[in-house]
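Below is one structure; the comments refer to it alone.
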Amino acid sequence: MLEAKTYRKQFAILTLVLCICFFVNIGLGSVSIPLKSIFSSLFGGTLDNESWQYIVRNYRLPKALVAIIVGSGLGISGLLMQTLFRNPLAGPFVLGISSGASLGVALVIMGASIFGGFLSTMLLSQWSLVIAASLGSFLVLLAVVTVSIRVRDTMAILIIGLMFGSITAAIVSVLSYFSSAEQLQQYIFWGFGSLGNLSWNELSVLFIIYLIGIGLSMYSIKRLNTLLLGENYAKSLGMNIQNSRLIIIIATSLLAGTITAFAGPIAFIGLAIPHLTRQVFKTSNHKILLPAVFLYGAIVMLICDSIAQLPMSDYTLPINAITSLIGAPVVIWLLVRQRKMMF
Amino acid sequence: MTEQKKHIVLKTNNLSIGYRFKKEETIVATNINIELKQGELVGLVGANGIGKSTLLRTLTRVQPPLSGTVSIDSKLIDDYSSLDLAKSLSLVLTEHSFSKNLTVFELIALGRQPYTNWIGNLSNNDKSIVNQVMQQTSIETLQHKKCYELSDGQLQKVMIARALAQDTALIILDEPTTHLDMYHKAYILNLLKTLANDTKKTILFSSHEIDLAIQLCDKLIVMTDSQVISGTPEALISNGSFNTLFPEDLIVFDSNSGSFKVKK
């Protein structure tokens, strides 16, 4: 919208980098598969080695796609939150979305023994964690939206989101106190985050909701730019604040809520990616930032995932730890370099 | 041109302002009848806490009046949609909490938001208006600078340019001269005077710079404890309105020089 500068070169380079990262990510893993076989199995050729083909098509390809969805989705929801709250430290989880998801998962895993038979039979279903996490984040979101209709101050909503986080964390720790070691372990494993283990069915559900979230974000580009002036100026420019705030919060929670439900809580991507993007694209214009954050998020997540599978070994590190190990230094580096963070 | 009567841009009718909290009314001022005409520069003066901000908030539909009406271009402000109001009234606020990462051009272009399409693309017309307002406020050389690189005086000019870009009949500024040095105070108010003359927009601002306002404004609105009156600076001086502006124990108005003097 704002200026003629279009950053064509940067976008071209980033798209190229994304493609390279995508194929490198698929190429790496505990079983080494020659590059030629990977390409032919991706583009419909048949392989002599059926297990290679199975690994690429049903494990590595969905995992790489999930990495792109997770990275870009969390990055964009972080961008939306930073602009909405005009706070550089805001991320997708400030509204308590991940706490809600954790609560849902904790109730299913650890609450089963407390609430008895009905829930423990549900545990057998592979969808139960996803449904519980979605329900949890949706309920917290609903509470935040209800409050945001009554409370006009955006900062107050931010604090209310943090308070919901504290409440759910407290309930989770009470649940942990009463649960067995196995249940605790299962809960902690969910907390590590995981990009793999998603079937094509689950991936398509994730993808559809992701698309809705991205669509709503694109629809909000003009409102986001107006919000850069602050809510009072935005109102004087004829923008409906309540309405816009609702749309932006719904977009964020669709993106962050679903991603957390399927992949577990992934730290720092939502906070760090928008800042990293602003280092290269020196603009606040969301028409440029939104696609740029998409590319950056996807690239960083693919790299994190490639590192997490520890190439040439049988181990896979928790993805949540890798994103924190990379994300936290990035935020510190940005702060030291710039001395202040901007939104 | 002279016979063509300048039309009234802003008019209040028996306006009472204040706050309503749980059916309890706190009245700040009553019986406010002002008429601002096209192309006028109008200053709003009064002591701290007298209700200048409440009046501006009521005029800009941020808070509802206790009674009475406000109309812009002879249409009640309550009858405007938010978008139409944005095309008739623009603001310059005291808060500077917007993103300083915006360039001057980008920030001014945001003033075109009520006119742009769903994604906010600037048409050629929008761009030429942005360039025109940068000329009018003489900030073309700053257009590629980021807002965090600007001085307070430059920033204020940029915010005025943004309001101009919104292309409204009425511009309201809340204390546009705070935080500025003496020269820039005079500069900004003089700029407002020129803009009101050249663009035929009505400009209303609140200020504590009473002596400057007396010299530059076409009309002043004086708020005191007992009443809200408006008139030309000369008329207000001669009827002694400024004498009641502040408690008289420390400073007195000197009608010869048009400024306040400390009692000795």
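For B:Asn131, state whether it is in a helix (DSSP H, G or I), touching a helix residue (DSSP H, G or I) at 6+ places or on another chain (Cβ under 9 Å) and either within 14 Å of chain A (Cβ to nearest Cβ) or aliphatic (A, V, I, L, M) (or both). Answer is yes for this residue. For B:Asp225, the test of being among the charged types (D, E, K, R), at pLDDT below 90 and in the same structural domain as B:Gly49 (by TED's automatic domain parsing) is passed. For the stretch A:284-291, the criterion of a residue being of a type in the set (A, V, I, L, M) and touching a Cys at 6+ places or on another chain (Cβ under 7 Å) is satisfied by no position. Examine the stretch A:299-321 for a residue that is touching a helix residue (DSSP H, G or I) at 6+ places or on another chain (Cβ under 6 Å), within 14 Å of chain B (Cβ to nearest Cβ) and under 26 Å from A:Gln10 (Cβ atoms), and state whether such a residue exists. No, every residue in the stretch A:299-321 fails to be touching a helix residue (DSSP H, G or I) at 6+ places or on another chain (Cβ under 6 Å), within 14 Å of chain B (Cβ to nearest Cβ) and under 26 Å from A:Gln10 (Cβ atoms). Looking only at residues of the stretch B:69-122 that are among the acidic types (Asp, Glu) and more than 7 Å from chain A (Cβ to nearest Cβ), we find that the one that is farthest from A:Asn87 (Cα to Cα) is B:Asp73. Cβ-Cβ contacts under 6 Å between residues 6 or more apart (or on different chains), taken from a first residue in the stretch B:26-55 that is small (Gly, Ala, Ser) to a second residue that is in a loop (DSSP other than H, G, I, E, B) and crowded, with 23+ Cβ neighbours inside 10 Å, are listed as B:Gly43/B:Ser207; B:Gly43/B:Cys217. Just need a number here: residues in the stretch B:88-111 that are buried (at least 18 other Cβ atoms within 10 Å of the Cβ), over 14 Å from A:Leu227 (Cα atoms) and not hydrophobic (A, V, I, L, M, F, W, C). So the count comes out to 3. Look at the stretch A:86-107: where a residue is within 14 Å of another protein chain (Cβ to nearest Cβ) and surrounded by fewer than 24 Cβ atoms within 10 Å (Cβ to Cβ) and a partner is aliphatic (A, V, I, L, M) and not in a helix (DSSP H, G or I), sitting 6+ places away or on another chain with Cβ atoms under 6 Å, you get A:Pro88/A:Met341. Tallying residues that are in contact with a helix residue (DSSP H, G or I) (Cβ under 9 Å, 6 or more places away or on another chain) and closer than 19 Å to A:Leu237 by Cβ within the stretch B:53-74 yields 6. Yes or no: the stretch B:201-209 includes at least one residue that is modelled with pLDDT of 95 or more and either over 25 Å from B:Ile237 (Cα atoms) or surrounded by fewer than 19 Cβ atoms within 10 Å (Cβ to Cβ) (or both). Yes, some residue in the stretch B:201-209 is modelled with pLDDT of 95 or more and either over 25 Å from B:Ile237 (Cα atoms) or surrounded by fewer than 19 Cβ atoms within 10 Å (Cβ to Cβ) (or both). Screening B:Pro65 against (1) surrounded by fewer than 17 Cβ atoms within 10 Å (Cβ to Cβ); (2) more than 10 Å from chain A (Cβ to nearest Cβ) leaves a single unmet condition, (1).
Scanning the stretch A:215-227 for residues that are modelled with pLDDT of 95 or more and of a type in the set (A, V, I, L, M, F, W, C) turns up A:Leu216, A:Met218, A:Ile221, A:Leu224. Against the list (1) in a helix (DSSP H, G or I); (2) more than 19 Å from the chain's Cα centre (by Cα), the condition B:Ala186 fails is (2). With respect to A:Val17, is the statement that it is modelled with pLDDT of 95 or more, under 15 Å from A:Ser306 (Cβ atoms), β-branched (Val, Ile, Thr) and buried (at least 19 other Cβ atoms within 10 Å of the Cβ) true? In short, no. Residue under question is A:Ile250, and the condition is that it be under 23 Å from A:Ala90 (Cα atoms), modelled with pLDDT of 90 or more and either more than 14 Å from chain B (Cβ to nearest Cβ) or out of contact with any helix residue (DSSP H, G or I) (no Cβ under 9 Å at 6 or more places or on another chain) (or both); does it hold? When the stated conditions are applied, A:Ile250 does not pass them.
The values are calculated or read from the model by the stated rules, or taken from the named source; none is laboratory data. The model shown is predicted, which means the values in this text are computed figures rather than measured ones. When we count neighbours, we look across all protein chains shown, and the Cβ atoms used for this are built from the backbone with ideal geometry, even at glycine.
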